[in-house]
1. Which of the aspartates and glutamates could a cross-linker bridge to Lys178, judged by Cα under 15 Å and excluding same-chain residues fewer than eight apart?
2. Check which residues have an amide H placed less than 5 Å from Lys8's amide H, if you skip close sequence neighbours.
3. What are the residues whose amide H is under 5 Å from the amide H of Arg182, where those residues sit 5 or more places off or on another chain and H is modelled from the backbone?
4. How long are the three semi-axes of the equivalent ellipsoid for the stretch 1-122, computed from the Cα gyration tensor as the root of 5 times each eigenvalue, in whole Å, largest first?
5. Determine ³J(HN,Hα), in whole Hz, for all residues of the stretch 128-136 in sequence, where each value follows from phi through the Karplus function 6.51 cos²θ - 1.76 cosθ + 1.60 and θ = phi - 60°; x replaces Gly and Pro.
6. Reachable aspartates and glutamates from Lys81, Cα under 18 Å, same-chain residues fewer than 8 places away excluded?
7. Taking the alpha-carbon centroid of each part, what is the distance from the stretch 27-48 to the stretch 87-106 in angstrom?
8. About the Cα centre, and with charges only on the beta carbon of Lys, Arg (+1) and Asp, Glu (-1), how big is the dipole of the stretch 7-143? Nearest 20 debye, please.
Amino acid sequence: MHSPLPLKIIIADDHPVVLLGASIALESLFKPGDCIIIEASCTGSLLNLLKNDTYDLIITDLSMPGGSFPDGLTLISHIRKHFEKTKIIIMTMINNQIMLRKLLNLGISGAFDKHRPLNELDNAVASVLKGKRYVSSSFCASLATTKIGEVAHKSLSAKELEVVRLYGQGLGGREIAKRLNRSEKTISRQKRTAMHKLGLRSLSELAANAHLIGVGYTVAHELASNAYVP
């Protein structure tokens, strides 16, 4: 039986300390021989690597010198267009909701806040390699404040909004199902659908943004957890 090919990952940043820290973080995630990590210090070097080989993942700073791209958004758009099978995690200190939404709409797999310790980067990589999207909590908070109340009332059905309101009062799924005379499975599905429409990944994010949705919150233990919505 053939051994699986090692993953190939590019880390791109114009700061040597960041390159070193990111490489160390990733090395702790993989067994020896399971991953090949290549470093790039400018956009030109990054694109040359992509042209000459196939990579599973790019972890790149959003603002690097060199190359013919005036900004990070243009660079990411180019990579998504020409190397669409390669997953991308951007690293940046810029917490701007408009820019973050544009990046997410371009199809990046992750957004890592460089204010966070680099040893947390392994969580982002592990999530993305499992097919999930990773966004640092600080970025999630910025994204969630974008007229979420308006979005809730425009995009949620009456039944979904009703379920969200009752979760907002601290009720559990079983209690809500009994009160609304629906099955627990239906309540769970309506909750997941509502949170997907609102761009929220966990009940804790729903709790944190309840005042923006117009839901009075009594924070139950379930809502205080950081688990992803099942």
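1. List returned: Glu162.
2. Placed amide hydrogens put Ile36, Asp56, Leu57 under 5 Å from Lys8.
3. Under 5 Å from the amide H of Arg182 lies no amide H from a residue far enough along the sequence or on another chain.
4. On the way: eigenvalues 100, 59, 39 Å².
Its equivalent ellipsoid spans semi-axes of 22, 17, 14 Å.
5. 5, 5, 8, x, 9, 9, 10, 9, 4
6. Asp53, Asp56, Asp71
7. 21 Å
8. Working: 14 positive and 13 negative charges, 114 e Å.
The dipole magnitude comes to about 540 debye.
The numbers here are math on the coordinates, done by the rules we state, and not lab data. Bear in mind that the values here come from a model prediction, so they are computed numbers and not experimental data. Positions of Cβ are generated from backbone atoms using ideal geometry, with glycine treated the same way; all protein chains shown enter the neighbour counts.
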